[in-house]
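A.B. asks: Sharing a structure below in structure tokens format, with a few things to ask.
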């Protein structure tokens, strides 16, 4: 099993946290993502939730503002957790490794993975840890870039001739449903998947990519909003229940 290089994750996001360069989507897109996650997971506002890989707390804060006040945010990077605490002091944000959490067995109703699964070469340990802490029937949801989307593959996949490593860690790679399904099945989850496009970016690290960003946003909204290209949409939405 290939392991995530956690030191490189911390080093990269420490710099991002200090620079404040972390919120890549528009507020409207953040809400669209959270709404899709809630649609699939059907969490109750009374549920005990964790946002794992919460970063600077943008999505944790969005859940909180929708009435999900029993949500906590965990991330590996101390600098990002510091930013999250400033964003919403009412939320319990902590530094923690999502492959080894300081959480009791069978104690959590739901888990949100905020675009973090594609930072792991193998998600098996992540999902086994999720299975340990979730209550029977508890659910996890996640959103991650889709390797079958042509833009994600061309720009962010290491096999692409146009791959750029600007603004991403060495661990990152857009993900495939087949990879997720295998790891979830091994961890004894029953999973379902969907796709999402029309997510508008406001920030990318690369100066070249910034130039093409308005064009990408337009194409992503228009071209992939049809059933024929459904599985090519930019993001995979994962929902899985503990058996």
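A.B. asks: Give me the extension gain from residue 164 to residue 231: residue separation times 0.36 nm, minus the current Cα-Cα distance, reported in nm with one decimal.
C.D. replies: Value of the extension gain: 21.8 nm.
A.B. asks: Got a sec? How would 202, 24 order by Cβ neighbour count within 10 Å, fewest to most?
C.D. replies: Least to most surrounded, the residues fall as 202, 24.
A.B. asks: Next question, about the same structure. Quick one: 152, 1, 40, fewest Cβ neighbours within 10 Å first, how do they rank?
C.D. replies: If I rank by nearby Cβ atoms, fewest first, I get 1, 40, 152.
A.B. asks: Next question, about the same structure. Looking at the chain only, what percent of DSSP beta bridges run antiparallel? Nearest 5 please.
C.D. replies: Bridges in the chain are about 45 percent antiparallel.
A.B. asks: Within 10 Å, count the other beta carbons around each residue, average over each peptide in 96-106, 28-38, 157-167, 129-139, and list them highest first.
C.D. replies: Ranked from most to least packed, the peptides come out as 129-139, 28-38, 96-106, 157-167.
A.B. asks: What's the FRET efficiency of residue 6 with residue 222 using the Cβ-Cβ distance as r and R₀ = 41 Å, to the nearest 0.05?
C.D. replies: Efficiency, rounded to the nearest 0.05: 0.55.
A.B. asks: May I have the convex hull volume per residue, in Å³, for the Cα set of the chain?
C.D. replies: Taking only Cα atoms, the chain has a hull volume of 117 Å³ per residue.
A.B. asks: Now a separate question. Sorted from fewest to most neighbouring beta carbons within 10 Å, what does the list 124, 60 look like?
C.D. replies: 124, 60
A.B. asks: Where does the chain land at 222 nm, in deg cm²/dmol rounded to the nearest 500, when only DSSP H runs of n ≥ 4 count, each adding -39500 (n - 2.57), divided by all residues?
C.D. replies: That calculation yields -11500 deg cm²/dmol at 222 nm.
A.B. asks: If a/c stays under 1.5 just call it rounded; otherwise compare a/b with b/c (prolate if a/b is bigger, oblate if not). Do that for segment 139-202, with a ≥ b ≥ c from the square roots of the Cα gyration tensor eigenvalues.
C.D. replies: Verdict is prolate for segment 139-202.
Read the figures in this text as sums done on the coordinates, not as results from a lab. Nothing here was measured: the structure is a model prediction, and the numbers come from that model. Glycine gets a Cβ as well: all are built from the backbone with ideal geometry, and neighbour counts include every protein chain shown.
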